[in-house]
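A short write-up of the structure that comes next.
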Amino acid sequence: MGDSGIRTFTGRCDCGGVRYRIDGPVRNIIECHCEPCRRISGHHLAATAVANGHLHLESQETLAWYQRTPTVRYGFCSACSSTLFWRADDKADRTSVFAGTLDGPTGLVATEAICASEAGDYYHIDPDLDVQAGDRALELPY
């Protein structure tokens, strides 16, 4: 399945301090199994991506950003600690949105697993996904 087409999605952190709306095309879900994503999310990271012009922050009073590296940062709620977003400076025109923060049902499906060689030893990657050993997230379209 390709991208989801133009639809409206909403989402939020656990406490509701950060709320957002997406009103444009998004990518289907990609699972990232790299160590940093596992540590940020508590498991593997599952995210879609959207052009920044289609992502609207409706409530952001508790939104904070963690600068993990000089070029990568994560958006999280400073009240409940939910991680919602991921941004890379070399792809400044888009934001990855953590799938677990989307209000459901979304109709999105996981289509790819990246950094599979770094997956935790306590779970198995779905063999029906397009499994990549390395990181292709920054090469992917929305």
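The values are calculated or read from the model by the stated rules, or taken from the named source; none is laboratory data. Note that the coordinates shown come from a computational prediction; the quantities given were computed from them, not determined experimentally. Heads up, the Cβs are rebuilt from the backbone with ideal geometry, glycines too, and the neighbour counts pull from every protein chain shown.
Details
- Filter result for Ala88 (surrounded by 13 or more Cβ atoms within 10 Å (Cβ to Cβ), more than 13 Å from Glu31 (Cβ to Cβ) and touching a residue at least 24 places away in the same chain (Cβ under 8 Å)): yes
- For region 67-80, filtering for residues that are surrounded by 14 or more Cβ atoms within 10 Å (Cβ to Cβ) and part of a strand (DSSP E or B) leaves 6.
- Meets criteria (at pLDDT 95 or above and of a type outside the set (Phe, Trp, Tyr)) for Gly75: yes
- Scanning region 81-111 for residues that are part of a loop (DSSP other than H, G, I, E, B), in contact with a strand residue (DSSP E or B) (Cβ under 9 Å, 6 or more places away or on another chain) and not small (Gly, Ala, Ser) gives Asp93, Asp103, Thr106, Leu108, Val109.
- Verdict on Ala64 being crowded, with 17+ Cβ neighbours inside 10 Å and part of a strand (DSSP E or B): no
- Gly53 being in contact (Cβ under 8 Å) with a residue 12 or more places away in the chain, in a loop (DSSP other than H, G, I, E, B), farther than 13 Å from Ala99 by Cβ and out of contact with any Ser or Thr (no Cβ under 6 Å at 6 or more places or on another chain): no
- Leu108 vs. criteria in contact with a Cys (Cβ under 7 Å, 6 or more places away or on another chain) and surrounded by 11 or more Cβ atoms within 10 Å (Cβ to Cβ): no
- Residue within region 53-73 that is within 15 Å of the chain's Cα centre (by Cα) and among the polar types (S, T, N, Q) present: no
- Residue ID - modelled with the lowest pLDDT, chosen from residues in region 8-35 that are touching a strand residue (DSSP E or B) at 6+ places or on another chain (Cβ under 8 Å), over 17 Å from Arg94 (Cβ atoms) and surrounded by fewer than 17 Cβ atoms within 10 Å (Cβ to Cβ): Thr8
- Matching residues in region 55-84 - criterion: being under 17 Å from Arg38 (Cβ atoms) and not aliphatic (A, V, I, L, M): Tyr66, Arg68, Thr69, Tyr74, Phe76, Ser81, Ser82, Thr83
- Checking each residue in region 36-50 for being part of a helix (DSSP H, G or I) and either buried (at least 22 other Cβ atoms within 10 Å of the Cβ) or modelled with pLDDT of 95 or more (or both) picks out only Cys37.
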